[in-house]
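K.L.:
Have a look at this one before I ask anything.
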Amino acid sequence: MVASVYLVKGREKSVLRRHPWIFSRGIQRVEGKPSLGETVDVFDHQGKWLARGAFSPNSQIRVRIWTFEDEAIDTAFFVKRINDAQALRNSIIARDGLTGYRLIAAESDGLPGITIDRYDNFLVCQLLSAGAEAQKDALVEALKTCFPDCNIYERSDVAVRKKEGLKLRTGVLHGEAPSDHVLIEENGIKIGVDIAGGHKTGFYLDQRDSRQAAVKYVDGKRVLNCFCYTGGFGLYALKGNAAEVINVDVSQPALDRAKQNAETNGFDLSRAQFLNADVFKLLRDYRDAGELFDVVIMDPPKFAESKAQLTGACRGYKDINMLAMQILKPGGTLLTYSCSGLMDQNLFQKIIADAALDAHRKVMFTERFAQAADHPVDSAYPEGFYLKGFACTVV
Ligand code: SAH
């Protein structure tokens, strides 16, 4: 017998709007004893069936909904979801010449807690919820069915798993282990990805559209690429004919890879520098030394992991953006991003406005950015919109 979850009166509203999360406070009672990640049926307070989801006894998000239809959660279910996600991306893949893309963007693709990135013939899975973990075998079977030529690797080494009562895990799920240099291509640029050792699943696919949009700002310019990781924006800047690109990161392996990626693409390395430095300190040093740039790219890691961290995060974003403005030539371009989901676009815009006041510069927003098109946002799940950015002219 499938266990049943009955909601508090009124709490069915978000489910009827097809939002996939049920919080513990919204649950009136549970019938049966569902284990970690087990499939449960969800009913309203009058006993009307609403949805089927996965039970997370240790998380505030107590149920993550798999489906609003009366269907089994099995290999066939995952095959259908994966095929739908692939179909949604086919035209983007063809348009941008992608051999690396996000195949499954978790809740946004109807698979809560499951992220799958494809790098050439490797599928890299990140399973973040108890339900995702419980369905791992069915998911892997489905991936083998949909992509018979692909290897499957797991990168579930993310701290949020602990909130779900899960251990961290990485390793081969099917086929071969990846080399530390799986080559992908996007918009004609080649990028080597370290699937087992890189950040997240190996690469920041979500900034692809913003990287491409950056190309038009850099021709003949002096560019500072802060938080460069394995090259990212810097590779696009070289493609866009920047006069000079200074790439900065604190990770030496990332910088080594960035240089190697520039070489792989045949770019003129005399135009590029790869600097191991703390961006916060380097920007102050540049400001104090009177160094000036035409374009500053600011793509920091997530500063806010929880609501409690948001105030501190706002200070961090304001600080680096103020410093970036101070080292821009009059009329220079600031390309700035925030991947903290808790910081919405309006708040981010306000922070840039505060930074402009402190920097004593007039700042004009000229373009807005979001996560790349293979990271779609389901209208029922607005939380899926997490990455935003602006192009600003700093007068
Ligand atoms: N722009 C990149 C992704 C950036 S991810 C792309 O397009 O692919 C954020 C990067 O910031 C990571 O590589 C991390 O090593 C680096 N980082 C974190 N804190 C830093 C700091 N204080 N100074 C410099 N780099 C930092």
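K.L.:
Scan the stretch 306-328 and give yes if some residue there is within 30 Å of Leu98 (Cα to Cα) and either in a loop (DSSP other than H, G, I, E, B) or in contact (Cβ under 8 Å) with a residue 60 or more places away in the chain (or both), otherwise no. It would help to see each step written out before you state the result.
P.N.:
Filtering the stretch 306-328 for residues within 30 Å of Leu98 (Cα to Cα) gives none.
No, the stretch 306-328 contains no residue that is within 30 Å of Leu98 (Cα to Cα) and either in a loop (DSSP other than H, G, I, E, B) or in contact (Cβ under 8 Å) with a residue 60 or more places away in the chain (or both).
K.L.:
Residues Ala242, Ala254: which one is within 14 Å of the ligand (Cβ to nearest atom) and either among the small types (Gly, Ala, Ser) or assigned to a strand (DSSP E or B) (or both)?
P.N.:
Within the list Ala242, Ala254, the selection yields Ala254.
K.L.:
Given the criteria within 16 Å of the ligand (Cβ to nearest atom) and either under 21 Å from Val295 (Cα atoms) or aliphatic (A, V, I, L, M) (or both), does Val223 qualify? Working first, answer last.
P.N.:
Values: within 16 Å of the ligand (Cβ to nearest atom): yes; either under 21 Å from Val295 (Cα atoms) or aliphatic (A, V, I, L, M) (or both): yes.
Here the answer is yes, as Val223 does meet what is asked.
K.L.:
Another question, if that's okay. State the number of residues belonging to the stretch 179-212 that are within 30 Å of Arg287 (Cα to Cα), assigned to a helix (DSSP H, G or I) and within 10 Å of the ligand (Cβ to nearest atom).
P.N.:
4
K.L.:
Within the stretch 281-303, track down each residue that is closer than 25 Å to Gln207 by Cα and surrounded by 15 or more Cβ atoms within 10 Å (Cβ to Cβ).
P.N.:
Leu282, Leu283, Phe293, Asp294, Val295, Val296, Ile297, Met298, Asp299, Pro300, Lys302, Phe303
K.L.:
Another question, then. Tell me the residue from Leu128, Leu139 that is surrounded by fewer than 24 Cβ atoms within 10 Å (Cβ to Cβ), away from the ligand (no atom under 16 Å from the Cβ) and either hydrophobic (A, V, I, L, M, F, W, C) or closer than 30 Å to Leu328 by Cβ (or both), please.
P.N.:
Details: Leu139 fails: surrounded by fewer than 24 Cβ atoms within 10 Å (Cβ to Cβ).
Answer to the check: Leu128.
K.L.:
Going by the structure shown, is Val215 aliphatic (A, V, I, L, M), assigned to a helix (DSSP H, G or I) and within 16 Å of the ligand (Cβ to nearest atom)?
P.N.:
The answer is yes for Val215.
Residues are listed down the side, and each one gets a yes or a no for (1) part of a helix (DSSP H, G or I); (2) within 16 Å of the ligand (Cβ to nearest atom):
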site: Leu275; (1), (2): no, yes
site: Tyr286; (1), (2): yes, yes
site: Glu291; (1), (2): no, no
site: Ile297; (1), (2): no, yes
site: Met343; (1), (2): no, yes
site: Phe348; (1), (2): yes, no
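Since every read-out is calculated from the coordinates, none of them should be taken as a lab result. Fair warning: this is a prediction, and the values are worked out from it, not measured in the lab. Positions of Cβ are backbone-derived with ideal geometry, glycine not excepted, and every protein chain shown enters the neighbour counts.
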